[in-house]
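The values are calculated or read from the model by the stated rules, or taken from the named source; none is laboratory data. What you are looking at is a predicted structure, and each value in this text was computed from that prediction instead of being measured. Just so you know, the surface numbers come from the protein's heavy atoms only, side chains and all, with ligands and any DNA or RNA stripped out. Shrake-Rupley method; radii C 1.70, N 1.55, O 1.52, S 1.80 Å.
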Amino acid sequence: MKNLLEVHHLSKDFQHKRQPPVSILQEIQLQLGKGQTLCVVGESGCGKTTLGRVLAGLLPATTGTYSFLGKDVTRLSKKEKKEFRRDVQLIHQNPYESLNPTTMVFDILANPLRKHKKMKTIAELYPEVTRLLELVGLTPVSDFVDKYPSHLSGGQRQRVSIARVLAMDPKLIVVDEATSMIDTSLRINLLKTLQEIQERTNVSYFFITHDLALGRYFAQNQQLMVMYLGKIIEKGQTEELIGQPLHPYTKAILSAAAGNKGLLDESSEFETYVLGGTDIPSFTQIPQGCPLHPRCPQKIEGLCDRLRPPEIESTTGHYVACHLYRKSDSPL
Ligand SMILES: Nc1ncnc2c1ncn2[C@@H]1O[C@H](COP(=O)(O)OP(=O)(O)OP(=O)(O)O)[C@@H](O)[C@H]1O
């Protein structure tokens, strides 16, 4: 089956006037199938949003390839570009900023339908607006259609944002920390709604979070990847990655998350694993070799501080970029 998206050796640099370029994403490799979820987890500032914006077509990659439904996104015709923009949608972190306060819920949903599906009359629009509100769990619909965003709670606003995105019938939704401003008690409900929407519409999600427990919950039986300083350092099937973490950084964030309990299964045992130092190095001074080596308790002198570890497939579908898992016969 053709993947929905395929990314190979992708990098993204930012450059400001007269400054040297700063490399934010390096050597990103990923695939995502139709109706599947891929979650990226990593500390704040590691490059998750930048990757989400590249995948959503809002930022161009600097090098590497990105294909969507088998087509290179840098070589799309005008018509294909238009389709791509409709097919790939982004849900922002902040539902307060993303909705126009002077527009009623009905029009927030009807406007994209008017524009993209050429629906004009109320008779055409009303059933579709109703369907969208029902999909996101805003029922009875009559309680919401004539409300303004200021009448709604944070969770309800985020549901309206999701419904607006669904109006485009997207194939991929980049969900960027979309529940971080919502009360913890409502967060799981919203994530469940997103999962139900996936079952009904076969949409794929690229789910971005700094919270490993949340990522684990949302990407159950799906794929999880861990990012550190703009690089994917481990990826695999979620339960395999959580149950058998390989990279020292993954072990450290799991150990920290287990300490907070959160959504992590309390019966699971997690090794206590602490990194040295507290500061994440800056993108302008990415350490040579493995970017984690200054903080890594298992670093191999003369290797980790010198050579960037390649991505290795440890067991089927479980990849790690760490010299500890280097095959003994692999060249240095
Ligand atoms: N347009 C830009 N120009 C220059 N640097 C940028 C730009 N956008 C992001 N960055 C830098 O890229 C790095 C990664 O930021 P990004 O927002 O992608 O990380 P993140 O993991 O999503 O963080 P957060 O969870 O806090 O949103 C940061 O150092 C940020 O300052």
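The helix-only estimate of mean residue ellipticity at 222 nm for the chain, built from DSSP H runs of length n ≥ 4 each weighted as -39500 (n - 2.57), is -9500 deg cm²/dmol after division by the residue total. If a/c stays under 1.5 just call it rounded; otherwise compare a/b with b/c (prolate if a/b is bigger, oblate if not). Do that for segment 86-185, with a ≥ b ≥ c from the square roots of the Cα gyration tensor eigenvalues. Verdict is oblate for segment 86-185. Distance from the alpha carbon centroid of segment 78-142 to that of segment 16-65 works out to 27 angstrom. Lysines near LYS120 by alpha-carbon distance under 30 Å, same-chain residues fewer than 8 away left out - which ones? Of all the lysines, those that pass the test against LYS120 - Cα under 30 Å, at least 8 places apart if same chain - are LYS78, LYS79, LYS81, LYS82, LYS147, LYS171. Globularity index of the chain is 1.06 (Cα radius of gyration / 2.2 N^0.38 Å, N = number of residues). How far is helix 105-116 tilted off the main Cα axis of the chain, in degrees rounded to 10, range 0 to 90? So the helix axis and the longest Cα principal axis differ by about 80 degrees.
Taking only protein heavy atoms into account and a 1.4 Å probe, give the accessible area per residue of the chain in Å².
Computed with neighbouring chains in place, this is 49 Å² per residue.
Could you look at segment 1-144 and say what percent of its accessible area is carbon and sulfur, using a 1.4 Å probe and all protein chains? Looking at segment 1-144 in its full context, I get 52 percent from C and S. Cross-link partners of LYS12 among aspartates and glutamates, defined as those whose alpha carbon lies under 16 angstrom from its own and excluding same-chain residues fewer than eight positions apart: GLU27. For segment 195-202, backbone phi angles converted through the Karplus equation (6.51, -1.76, 1.60; θ = phi - 60°) give residue-by-residue couplings of 5, 5, 4, 5, 4, 7, 10, 6 Hz, Gly and Pro being listed as x.
Please label the shape of segment 143-226 as rounded, prolate or oblate, based on the square roots a ≥ b ≥ c of the eigenvalues of the alpha-carbon gyration tensor (a/c under 1.5 means rounded; beyond that, a/b larger than b/c means prolate, else oblate). Present the calculation step by step, with values, prior to reporting the outcome.
Details: a/c = 2.19, a/b = 1.38, b/c = 1.59.
Oblate.
Most simply put, the chain has about 60% antiparallel DSSP beta bridges, counting only bridges with both residues inside it.
Does segment 1-104 classify as rounded, prolate or oblate by the C-alpha gyration tensor (a ≥ b ≥ c root eigenvalues; a/c under 1.5 gives rounded; else a/b over b/c gives prolate, otherwise oblate)?
On the way: a/c = 1.41, a/b = 1.04, b/c = 1.35.
Judged from the Cα gyration tensor, segment 1-104 comes out rounded (a/c under 1.5).
Listed by chain and number, the lysines whose C-alpha is less than 19 Å from the C-alpha of LYS299, apart from same-chain residues fewer than 8 away, are LYS231, LYS251, LYS327. How much solvent-accessible surface does HIS116 expose, in Å² to the nearest 10, with a 1.4 Å probe and all protein chains in place? For HIS116, solvent-accessible area is about 60 Å².
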